[in-house]
1. Assuming B:Ser70 fulfils every condition listed in (1) within 12 Å of chain A (Cβ to nearest Cβ); (2) crowded, with 21+ Cβ neighbours inside 10 Å; (3) over 19 Å from A:Ala42 (Cβ atoms) apart from one, which condition is it?
2. Give me the strands (runs of 3 or more DSSP E) completely within the stretch A:1-45, filtered to those with at least 1 residues that are among the basic types (Lys, Arg) and within 24 Å of A:Thr147 (Cβ to Cβ), ordered by residue number.
3. Just to be sure before I move on: is B:Thr506 at pLDDT 90 or above, surrounded by fewer than 22 Cβ atoms within 10 Å (Cβ to Cβ) and more than 24 Å from the chain's Cα centre (by Cα) in the structure I sent?
4. Considering only the stretch A:147-165, how many residues are farther than 25 Å from A:Val279 by Cβ and in a strand (DSSP E or B)?
5. Counting just the residues of the stretch B:197-214 that are in contact with a Ser or Thr (Cβ under 7 Å, 6 or more places away or on another chain) and assigned to a strand (DSSP E or B), which one comes out nearest to B:Ala259 (Cα to Cα)?
6. Is it true that some residue in the stretch B:205-225 is under 30 Å from B:Ala147 (Cβ atoms) and small (Gly, Ala, Ser)?
7. Quick one: which of A:Pro17, A:Pro23 is out of contact with any Lys or Arg (no Cβ under 9 Å at 6 or more places or on another chain), open to solvent by less than 20 Å² (accessible area, probe 1.4 Å) and either farther than 22 Å from A:Leu139 by Cα or at pLDDT 80 or above (or both)?
Amino acid sequence: MIILDPLLLLDGSVNHPVICAYPMRGEIVASSAAPGFDAAFAADTSTIKFWRPTSLPATWQLTPDPDLSYLSQEDDGLVLQEDEGRIILSDGLVLSYVGLAAHDLAANGVTVAVQIPGGEGWQTLLSHSPEDNSPILFLLAAREIETVRLQFTGPDGLPTVGIIMMGEATVFPQQTSYVGRRDIFDGIEEEYSTTLSEGGNFIARYVTRKSQTFNLTVSHISEEWKRVQLDPLIEHLRGGVAFVADRPWRAPRSVGFGQLASRPVPERDLPNARISVTVSMDFIGHVS
Amino acid sequence: MFREPITIVELEQPRCALRFGEGACTATGSPLCYNTWTTCRARQSYDGAGSIRWRFVQDRPGLFAFGDFSDPDNPATNVVPVPTLSVDYTKGSLNAAGVLEGKSAFGVRSEVTITMADFPWDDHVGDFYIGSRSNLPARTFWGVWTARNAFYGNMFIRVYDGYIGQSLAEMRSRVYAVDSIDGPDSSKSVTITAMDPLMLAAAAGSKCPESMDVRLTEDISASQTTIKVLTTEGPKLTKAYGNTIRYFARIGSEVLSYAAVTDLGDGTFELTGCLRGQLGTVAATGSIDAAFQRCARWEDTPTWEIGYDLMTNHTSLPSHFIDHDQWEEEGGTYLPTLRSTATITSPESVADLMGEVCQQGMFYIWWDDYGQTVPMLAVRPPKGAVARLTTGENILAGSSELRRQPDSLITRVFVYYGQRNPTASKTEPTNYSVVSGQIEADVEHPNAANGPRELSIFARFVNTEAHGVQITQRILNRYDEVPRFLTVRVDAQDRELTVGKVCDVTTRELVDSEGRMIDMRWQVISWEEVKPGEVYLLDLQTYDYVGFFAAWMADDSPDFADATDEQRADGAFWAGDDGLMPDGSHGYLWQ
């Protein structure tokens, strides 16, 4: 589920597809962590390591380290500076997304809130009580931050979270094509089998195979955007994971978490450098 | 409504409970160990009380945070999704009812083969010293695991099967003893082969009595009552092989007993209070260096108890797999009169001995996959309600197959008992003082089986006529009609029917002489997962018994007509002159 910052509704690109990668790195502090379920595991992109607190309410806080994180992107085409393999476009740690995946918040009736320091305590920017265990993506109005935390509250059950990512979202300059598009959650494929008795009765039904693949195709991208934003993003996603939302405002359930299934190859469809590039990206999604 | 089957594999391995260089651990140097025997740098300090359970699942959607790290010395990891993980079973089978000659008491062992691809691993769990290591290369799980574990003794595989949404505790689990681990090979594939734990009991090395190197230190006379022996295996001279107070042993063809042992030093032991020429053998002289072998002897012991002793004290099967209370309840209820006095004078495999004990003790054992025990069941009618399988609700379309096995028909049984000399051949009829038998003449009629089908049993564990009669009667009850075998496939709703369970089956293959479907009682002798969590294959054998087992009832018990079903099942009532009860059922048998 996508939870939109109301401020984004004033932004004309609120329905443009986003890819949320480039995770911030830094010091992680949690209110508690069960043995074997360290807080740092949630920042690992592996979905076989998890954080689990020992009591609620619980908090998971990240104080990004500029030397370890991807710094702010700017969309006016500044010259890239490459330093130690990271893309640095300007100073400042900018937060515009928080993503959670590989979690069981819904199963435990847990509410999660994104908070930053405010006043004498913490200010809640957005909160969500999920109804299922699908990926959660908070999209925020971009702001520079020094620290950010998630607060988990609930009646009893302790949540388990495999992925927490925070950073600046890459917003595509165009919307996705409507015709031919399918919602990301529709990409969950299932195969079934049914047992039938000798007497012709249906006995039981089983899901024998389940997987998720989804696609993001965007056309009419400029050559400059491709060079400044798309090429570094593709390079990053070769080894990274990302949250992907194709129509955040109109399709708030259409969000996935996963990895590229193959390296996308941008192509040129039109003889106009401002709208020439089309890219199609196939992802393998994680299904909880 | 649908369910998503899931199979989780757990590898449990022992580990050292100490910490490198701390406390009782005297290890030094580098690299630091991984708490395994292979990587231990101070094996004299090794404490194998620790363990770790590695968990894997086929790469599939889901959240598998089932790790248990509450005990740092015995953690269980979260479940790791692994590409190409597959679990294949070779189904085992029960050697049902009476344990026929030529078939092991343990039946056919079930085996599981697990194959999976190797995967990148960072030791984030399982390495106490990860923070102290530096410059570690990129590595894979099985690559380093096999380097850290060269031996697989005391390792077990546990296979959980259940459905998405269940906790591990809610899933069913089966345990197997690891036999081998191969790979990773050039395709990065690893194969684990494991067998059900009865393999540990059926292993060729399990013998009773044990082989031993014990020799006379000097010539002895036929009347000598103090004897000296030389051995490095002193404890075996007084180890319990059986239940006698005196110790029995064999020199040549003579069996003797002795009362006490004194250690004279330098590997020499003195046996005192010797009684020569025991158990029908003749006292004889012995030469220096002659072999001295302990014997196993049980006196007036329930036959099933001998089986328990063999399994728990003379094999490497962990004793917690055998529930003595269950064996005692079963044996005490249905086999109380079957008692044995027997002597085994040379090392024999426990598997072979159990074959005799089960056959002559009228019980059978098997590995209960999900109970994870070795239950004991007497050869008897089932007690209480049993499951029912019908074509309408249970048996899957096109899956039932009926076979008959006329070669297994038995029409006459002879039991040779009262062994004369335990050192002579056990299959020589003249070595037994009595033969007891029964012939089903009607079945041997030319218009029936047209001839005899004979089973002879050389019963070292039988000492009384009553015991012999029970053996012949129970075997003929089960095998004096052509045994039938039925194979069916059922949905997971019936997956509780595993090996040993009894059920009533109604299927189109089973009809009376007028074509009407009939109810028949069957026993599951083999079981297989066709599709884990979905479809199961059952091999069934007819389970025919006539009559009920009788038990004395209280004075104020009601008559048969007024008795409850439970009272009728557990008690006994006089039958009519025709051998039938007022409701037409068969009468009770006094044993």
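1. B:Ser70 satisfies all of (1) within 12 Å of chain A (Cβ to nearest Cβ); (2) crowded, with 21+ Cβ neighbours inside 10 Å; (3) over 19 Å from A:Ala42 (Cβ atoms) except (2).
2. Numbers: elements: A:2-4, A:18-20, A:26-30.
Because the criterion is at least 1 residues that are among the basic types (Lys, Arg) and within 24 Å of A:Thr147 (Cβ to Cβ), no strands (runs of 3 or more DSSP E) in the stretch A:1-45 meet it.
3. Numbers: at pLDDT 90 or above: yes; surrounded by fewer than 22 Cβ atoms within 10 Å (Cβ to Cβ): yes; more than 24 Å from the chain's Cα centre (by Cα): yes.
When the stated conditions are applied, B:Thr506 passes them.
4. Initially, the stretch A:147-165 is screened for residues farther than 25 Å from A:Val279 by Cβ, giving A:147-162, A:164.
Those still in the list that are in a strand (DSSP E or B) too: A:148-153, A:161-162, A:164.
Within the stretch A:147-165, residues that are farther than 25 Å from A:Val279 by Cβ and in a strand (DSSP E or B) number 9.
5. Once the filter is applied, the top-ranked residue is B:Val214.
6. yes
7. Numbers: A:Pro17 fails: out of contact with any Lys or Arg (no Cβ under 9 Å at 6 or more places or on another chain).
The conditions single out A:Pro23.
Conditions tested, residue by residue: (1) open to solvent by 30 Å² or more (accessible area, probe 1.4 Å); (2) touching a residue at least 60 places away in the same chain (Cβ under 8 Å); (3) under 25 Å from A:Phe138 (Cβ atoms).
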| residue | (1), (2), (3) |
| --- | --- |
| A:Tyr206 | no, no, no |
| A:Phe214 | no, yes, yes |
| A:Val218 | no, yes, yes |
| A:Gly240 | no, yes, yes |
| A:Val255 | no, yes, yes |
| A:Arg263 | yes, no, no |
| A:Pro266 | no, no, no |
| A:Met281 | no, yes, yes |
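The values are calculated or read from the model by the stated rules, or taken from the named source; none is laboratory data. Predicted, not measured: the structure shown is a model, and the values here were computed from it. Ideal geometry is used to build each Cβ from the backbone, glycine not excepted, and the neighbour counts take in all protein chains shown. Quick note on the areas: whole protein, heavy atoms, side chains included, nothing else; ligands and nucleic acids left out. Shrake-Rupley method; radii C 1.70, N 1.55, O 1.52, S 1.80 Å.
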